[in-house]
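Read through the structure below, which is laid out as structure tokens, and then see the notes.
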Amino acid sequence: MSEKKKNIGGQAVIEGVMMRAPNKFVIAVRQPNGIIAVKRDDIKLDSNKILKKPILRGLIGLYDALVLGIKALNFSAEKAMPDEFEKEGKSSKLETFFSMGLGLLLGILLFLYLPLQLTELSKKLFPIVEHSFLVFNFVDGIIRIIFFVLYLLIISQMKDIKRVFSYHGAEHKCIFTYEKGQELTVENARKMSRFHPRCGTSFLLIVLIVSIFVFSLIPKDSHFLIKLSSRIIFMPLIAGISYEILKLSGRYADNFIVKILIAPGLWLQHITTREPDDSMLEVAIVSIKEALRKDDDETYQKPENVEYCN
């Protein structure tokens, strides 16, 4: 009987890849000298059985994207760009909290406030938007999706982001290699697809679609501020539902109907992923191997070009 595969997720960072196993969090970053810096840490949240329940486990996904994501980006900046990092200095907890807060506010402005404001304005041009709350939320959702796609297209033109998107492709290829039971080598990973159904890009698109239905629970005659605040309050629920849909889509990815449903998310990955080179695949392989490795595994041989960091 074959060993059950662990649920592996990841994230591209500056010149590297973060991989998350059920109990391990690993960042691997290519330094200017060519050595791969590796940081391994335990994840304690997964030991909480309550947070493994459906819907609630979607909060783990949000935790990854926010807290672990910030840690991974800070580490990658320190190792991949040491000169710039030394000049700017390491961010304090207060500065990190401020940056996260600013990013959250910008997200609310761009993907909640502005779409809702434009939808309110559309009532004057299209009376059906005012009379049918289903149409109102559909228009609001379509505007959010348009903003999201435009945002991805704009940042994908940035030079540094292009390299991050290449590492994103490397992350997907290595996860596919592991899930298909093949040896984690550059040669095997190179052949894999860079489009994965459980990608964060697909998750965000599902969030935008699910929000159309959840926001329909808000009474249509509510004040603008109530509509806006309700959208913020409902986000954890929407994220939890979206996470369950994402897991199902990954489990039944070969189903014809599911293939149709996940196609938009895979299409968006043409923007958020690029074909990686072999050196990027090497970094992603180191990251996933370290995430899968047991701490007491005495048979594991550390690659010569890897440097462990505290």
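The values are calculated or read from the model by the stated rules, or taken from the named source; none is laboratory data. These numbers were taken from a predicted model, which means no experiment stands behind them. In this analysis, Cβ positions are derived from the backbone assuming ideal geometry, glycine residues included, and neighbour counts consider all displayed protein chains. The accessibility values were calculated without ligands, DNA or RNA, using every heavy atom of the protein model including side chains. Shrake-Rupley method; radii C 1.70, N 1.55, O 1.52, S 1.80 Å.
Within the shell of other residues whose beta carbon sits under 13 angstrom from the beta carbon of Phe133, the net charge comes to -1, with Lys and Arg scored +1 and Asp and Glu -1.
In the elastic network of the chain, a GNM with C-alpha springs shorter than 10 Å, the most mobile of Val13, Val29, Val258 is Val258. Over the chain, with every protein chain in place, what whole percent of the accessible area is carbon and sulfur at 1.4 Å, could you tell me? For the chain, the apolar C and S fraction of the accessible surface comes to 63 percent. 3J(HN,Hα) along the stretch 69-82, derived from phi through the Karplus expression 6.51 cos²θ - 1.76 cosθ + 1.60 where θ = phi - 60°, amounts to x, 5, 4, 5, 5, 5, 5, 5, 5, 5, 8, 7, 10, x Hz, with x in place of Gly and Pro. Build a GNM of the chain with springs between Cα atoms under 10 Å apart, and of Lys289, Lys79, Lys159 the one that fluctuates most is Lys159.
Across the stretch 184-253, C-alpha contacts under 8 Å between residues 6 or more apart give a mean separation that, scaled by the residue count, equals a relative contact order of 50 percent.
For every other residue with a beta carbon closer than 12 angstrom to the beta carbon of Pro276, add +1 if it is Lys or Arg and -1 if Asp or Glu, then tell me the sum. Summing Lys/Arg as +1 and Asp/Glu as -1 gives +1. Excluding ligands, DNA and RNA, the accessible surface per residue across the chain is 57 Å² with a 1.4 Å probe. For the cross-link pairs Lys24/Lys71; Lys24/Lys294; Lys191/Lys289; Lys79/Lys180, the ones whose C-alpha atoms lie over 21 Å apart are Lys79/Lys180.
Relative to the current alpha-carbon distance between Lys124 and Ser229, full extension at 0.36 nm per residue lengthens the span by 35.5 nm. Taking the longest Cα principal axis of the chain as reference, the axis of helix 200-214 is set at about 20 degrees.
In the stretch 138-236, Cα pairs under 8 Å separated by at least six residues give a relative contact order of 26 percent.
Averaging the Cα positions of each part gives two centres, and for the stretch 218-259 and the stretch 132-180 these lie 16 Å apart. Out of Leu225, Leu281, Leu150, any idea which swings most in a Gaussian network model of the chain, alpha carbons joined below 10 Å? Sorting by GNM fluctuation, first place goes to Leu225. Only DSSP H runs of four or more residues enter the estimate; each adds -39500 (n - 2.57), and after division by the residues of the chain the mean residue ellipticity at 222 nm equals -18000 deg cm²/dmol. Computed 3J(HN,Hα) for the stretch 133-148, one whole-Hz value per residue from the Karplus formula 6.51 cos²θ - 1.76 cosθ + 1.60 where θ = phi - 60°, is 6, 5, 5, 4, 6, 5, 4, 4, x, 4, 5, 4, 5, 4, 4, 5, glycine and proline marked x.
Between the beta carbons of Trp267 and Asp296, assuming R0 = 51 Å, the FRET efficiency works out to 0.75 to the nearest 0.05. Only Lys, Arg, Asp and Glu carry charge here, each on its Cβ (+1 for the first two, -1 for the last two); on that basis the stretch 137-272 has a dipole of about 200 debye about its Cα centre.
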